[in-house]
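These notes are about the structure you will find just below.
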Amino acid sequence: MTTFRAAVERGDIDAAVALLAEDVEFSSPVVHTPYRGRDAVAPILHAVFTVFEDFRYVSEIGTEEQDEHVLVFRAHVGDREIEGIDLLHHDASGAIDRLTVMIRPLSGLQAVATTMRARLGG
C-alpha cells in the first residue's frame, strides 16, 4: 500500500500533502491547466476531503518498486456516486511529483466541479 493511500485512509490530509514534491504537478479532472506546486495543491486536497463523502480506495495497481501507482476510488458527492483514479508518479527521492485524477461518470464529475468551485471560492 502506498504511503499516500495510507495517509488518506486514516484522514491525515496534511501527511498526504507532505508526500508531494515541492514542485508537484496536479492535473485535475475539472480544469485544463495543471496546478503546480505543493502550496497550490494543498487547498484542493483539503477541499476534496470535505466534499467527497464515503471516500474509499477499492484497488491499487503497482508495486513499491515502480514509479507509478494507480489508486482506484469510489465516493459520493451529494446524490451522485463517482468512481475514479489517482495516478501517482514518484520522483527519484520517492516524493509524488505528478498527481493526475480522473473521475466518471460525467454527471458525477459535474457535481464535483460545482461543489469544489463553491468550496474553493471560484
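A few comments on the model shown:
- Student exercise, the chain dipole from Lys, Arg, Asp, Glu Cβ charges, in Debye to nearest 20: 560 debye
- Gyration tensor (alpha-carbon) shape descriptor, region 31-83, a/c threshold 1.5: oblate
- Helix 106-120 axis versus longest C-alpha principal axis of the chain: approximately 80°, rounded to the nearest ten.
- Rounded to two decimals, the Cα radius of gyration of the chain over 2.2 N^0.38 Å is 0.99.
- Residue list for region 67-90, given a label point 7 angstrom along the Cα-to-Cβ vector of Ala6 and an amide N cut-off under 20 Å: 67-73, 86-90
Readers should treat all values here as calculations from the given coordinates under stated rules, not as data from a laboratory. Since this is a predicted model, take the numbers as computed values, not measurements. As a convention, Cβ positions derive from the backbone with ideal geometry for all residues, glycine included, and neighbour counts pool all protein chains shown.
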